[in-house]
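Values in this text are rule-based calculations from the coordinates and carry no lab data. Everything quoted here is computed from the prediction, not taken from an experiment. Ideal geometry is used to build each Cβ from the backbone, glycine not excepted, and the neighbour counts take in all protein chains shown.
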Amino acid sequence: MKITGTVINYYFHCKRQCYLFANKINLEDNSEDVRIGRVLHEIKSKDGKNTEIKYEDMVVDKVTSKYVEEYKKSDSDTEAAKMQLLFYLKNLRDKGIYKKGRLIYNEKNNKESKKSEIVELNDKDIEKLNNCIKEIEILINRNTVPDVEKENKCKKCAYYEYCYI
Ligand code: SF4
């Protein structure tokens, strides 16, 4: 399987989620959060406001003259969001396109609670991403599913029922 930004995000969020998603056990249709995201995306598309850019295997939310922007509904897992964006920046750099990243946390789509963070790719990040891509390849080719992590993050996860019921 081709490693995508979503797979990178899930790897940092939860190894089990990464494994399940990469092995096409996709329960995201059951997730309220994912459904809300999809509806908002469709509304933006109908209004002509959808700025999503597809490039090879990458789907990034927006590209400006300076930044690759990634929008998240909450800042509940900043590391996973940051590594996903760094992965996009690295892929673009590999093609000779040098950009900074901007993570925008849009709590409940409320403009007043919008927070953002600038993300810049450095050599350490590239090394970390290269190592994690190797680790993901090993992880997703295992014959056994990683254990349930039993943390607060599980409550909002699309795989909650799969893991707990
Ligand atoms: S419910 Fe928890 S353990 Fe299961 S995939 Fe989601 S985050 Fe991971």
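Over 18 Å apart at the Cα level, from the set K2/K99; K15/K90; K62/K99; K73/K153, are K2/K99; K15/K90. Taking Cβ atoms as reference points and 11 Å as the exclusive limit, the residues near N9 contribute a net charge of -1, counting Lys and Arg as +1 and Asp and Glu as -1.
With the highest mean first, a sort of the peptides 120-132, 79-91 on other beta-carbon atoms found within 10 angstrom per residue produces 79-91, 120-132.
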